1. Given (1) in a helix (DSSP H, G or I); (2) more than 20 Å from Val154 (Cβ to Cβ); (3) not acidic (Asp, Glu), identify the lone condition not met by Leu268.
2. Take Gly184 and decide whether it is over 15 Å from the mean Cα position of the chain (by Cα) and free of Cβ contacts under 8 Å to residues at least 24 places away in the same chain.
3. Quick check on segment 277-321: of everything there that is assigned to a helix (DSSP H, G or I) and in contact with an Asp or Glu (Cβ under 8 Å, 6 or more places away or on another chain), which residue is surrounded by the most Cβ atoms within 10 Å (Cβ to Cβ)?
4. Kindly list the number of the only condition in (1) in contact with a helix residue (DSSP H, G or I) (Cβ under 8 Å, 6 or more places away or on another chain); (2) over 20 Å from Gln117 (Cβ atoms); (3) part of a helix (DSSP H, G or I) that fails for Asn238.
5. If you go through segment 119-131 one residue at a time, how many are part of a strand (DSSP E or B) and over 19 Å from the mean Cα position of the chain (by Cα)?
6. Scan segment 91-133 for residues that are of a type in the set (Phe, Trp, Tyr) and touching a residue at least 12 places away in the same chain (Cβ under 8 Å) and jot them down.
7. Go over the candidates Ala90, Ala107 one by one and state the one that is surrounded by 15 or more Cβ atoms within 10 Å (Cβ to Cβ) and not in a loop (DSSP other than H, G, I, E, B).
8. Have a look at Asp188, Asp239 and point out the one that is among the acidic types (Asp, Glu) and surrounded by fewer than 14 Cβ atoms within 10 Å (Cβ to Cβ).
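Any read-out appearing in this document is the output of simple, stated calculations on the displayed coordinates, not a laboratory observation. These figures come from a predicted structure and were not determined experimentally. Every residue, glycine as well, gets a Cβ built from its backbone with ideal geometry; the counts of neighbours run over all protein chains shown.
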Amino acid sequence: MLGGFRVITPMMKAYALTGVIAVFLAGFAACGDRRVQPPPFNADRSFRYLEEQVAFGPRVPGSTASARCRDYFYRHFAGLGLAIDSQAFAYFDPYSATELRLVNVIAKFESASKDAQRLVLMAHYDSRPRAEYASDSSLRETPIDGANDGASAVAVLMELANMLAEQAAPCHIDLVLSDGEDWGKPGDNANYLLGSRQFARSGIRDKYRFGVVIDMIGDRDQWIYREGFSERFHKDLNDMVWSTAARLGVETFIDSIRDSVLDDHLSLCAAGVPAVNIIDFDYIYWHTEFDTPDKCSAEALANVGRVLAEIVYNPSLWPTK
């Protein structure tokens with residue numbers, strides 16, 4: 001800068017021209033971007049769905065609260081015009097030596113697009129029948145409210161159903177609310193994932209392009225890392241999820257691996273459906289009496305809902321087969 005005037009050199013002119021070309025090309029690329037803008041995710045309404053689930057009481061499999069909450073799901077999805085399938089099954093409970101009745105809820109969105117592929121999005125709606133990490137030892141055999149561990153992910157899928165009713169997606173989508181995911185006692189892995197295992201036995205191989213399981217995503221202090229099994233088995237799907245989050249500016253998706261988690265996605269993978277898990281496992285109220293709505297936030301639900309919506313409305317983001 002000399003005497004208040006900027007000196008423009010030939011090299012600076014070259015840089016300026018390069019910058020103009022770059023901006024032009026970026027604008028051209030943006031104009032050619034065929035990605036569909038999903039409807040806005042209504043975070044407040046989704047959070048209300050979380051609260052309404054918790055208001056039924058602990059949704060322990062076989063309980064009255066579980067049945068009433070399930071009726072609430074039926075009303076919600078039927079009111080949006082989605083077809084509903086109840087996948088009821090019996091399970092012999094080794095803890096009580098009695099037969100346990102469980103029910104998966106499957107809401108089906110059918111696309112009008114020709115040659116549309118089908119996705120499965122899953123969340124468990126049951127809440128844990130025991131709070132083994134309760135600070136009050138007298139509560140360790142007491143069912144938990146499951147605001148984050150159960151209700152948060154279901155609330156996201158309920159709101160996604162609203163979005164599908166408002167604006168059709170170019171793919172078929174099965175929204176699966178699984179029962180009995182959290183039934184087992186610590187270390188007894190055979191008695192977890194009951195609903196997703198039953199669903200996996202229903203002939204799902206080659207039925208779905210891929211699946212995404214969401215769980216424990218409502219934490220106010222949300223930090224979602226890549227889940228280890230998902231990264232090992234289906235890194236391409238993980239890449240899709242985290243690149244989408246980055247493009248949307250969702251900063252709570254951290255692009256590194258933290259935990260490998262036993263969750264419903266493993267049932268899908270075992271049945272031949274590529275699937276990944278979106279889970280925030282850094283939740284200090286996990287399996288305690290404090291897993292209540294005040295520990296969750298509408299913003300956290302929206303972070304995950306926006307990423308899911310972007311994926312289902314834009315098959316161009318999907319990895320190649």
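1. (2)
2. It is true that Gly184 is over 15 Å from the mean Cα position of the chain (by Cα) and free of Cβ contacts under 8 Å to residues at least 24 places away in the same chain.
3. Here is the first cut: in segment 277-321, the ones assigned to a helix (DSSP H, G or I) are 293-295, 298-313, 315-317.
From what is left, the residues that are in contact with an Asp or Glu (Cβ under 8 Å, 6 or more places away or on another chain) are 293, 295, 298, 300-301, 305, 317.
On the way: Pro293: 20, Lys295: 19, Ala298: 20, Ala300: 24, Leu301: 28, Gly305: 26, Leu317: 15.
Only one residue tops the list, namely Leu301.
4. (2)
5. Adding up the residues that qualify gives 0.
6. Tyr91, Tyr95, Phe109, Tyr125, Tyr133
7. Ala107
8. When all the criteria are applied, what remains is Asp188.
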